1. At a 10 angstrom cut-off on C-beta neighbours, averaged per residue, how do the peptides 94-103, 77-86, 62-71 rank from highest to lowest?
2. What does the charge add up to near Ala75, with Lys and Arg as +1, Asp and Glu as -1, over the other residues with Cβ less than 11 Å from its Cβ?
3. So if each residue of separation counts as 0.36 nm, and I subtract the Cα-Cα distance between Ser64 and Arg112, what length gain in nm does that give?
4. Express in % the proportion of alpha carbon pairs of segment 69-117 at distances exceeding 14 Å.
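Just so it is clear, none of the values below were taken in a lab; they were calculated from the coordinates. None of the values given here were measured: they were computed from a predicted structure. Note: ideal-geometry Cβ built from the backbone for every residue, glycine included; neighbour counts use all protein chains shown.
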Amino acid sequence: MLVVAQKVYRPRIGLAIALGLAIGLVGSLMALKVITPPPNYVANPHPRYEYEDDTPPSESREDSARILLQQANAAVERRDFLSADRLYGHCIELADLGECHRGLAGVLFLARDPSARAHYDKYAAATP
């Protein structure tokens with residue numbers, strides 16, 4: 001009579017322990033993220049870019065700022081947020097358009113920059 005040995009399945013205790021530790025670690029990290037305040041929180045931030053001139057911008061400066069605004073919006077569509085930040089900033093320094101403040105506020109909000117609120121407030125003040 002021939003006896004064939006069969007493999008006996010034995011659960012691996014080490015794998016179960018490692019899996020349990022990983023789940024516990026992920027859960028504790030999630031709880032820590034919920035408890036900690038957002039980074040760089042400032043109650044009353046200042047805008048990153050400002051229009052320095054005391055006189056209203058000329059028509060040619062406004063036209064140039066609108067071109068920069070279009071380029072910045074295109075950069076946002078490409079998800080090139082660093083270029084969009086720079087272009088919106090130039091737009092604000094050139095003609096202080098409300099749309100530039102709104103776009104920059106969105107980009108800064110995505111980057112969790114506290115000055116996003118200051119730019120959104122400038123947009124809200126400029127919009128009737």
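1. On the way: 94-103: 22.0, 77-86: 14.4, 62-71: 16.8.
Sorting 94-103, 77-86, 62-71 by mean packing, highest first, produces 94-103, 62-71, 77-86.
2. Values: positive: Arg78, Arg79, Arg86; negative: Glu77, Asp80, Asp85.
My count for the surroundings of Ala75 gives 0.
3. Values: separation 48, 0.36 × 48 = 17.28 nm, distance 2.86 nm.
Working it through step by step, the gained length comes to 14.4 nm.
4. Numbers: 470 of 1176 pairs.
When every Cα pair of segment 69-117 is considered, 40 percent fall beyond 14 Å.
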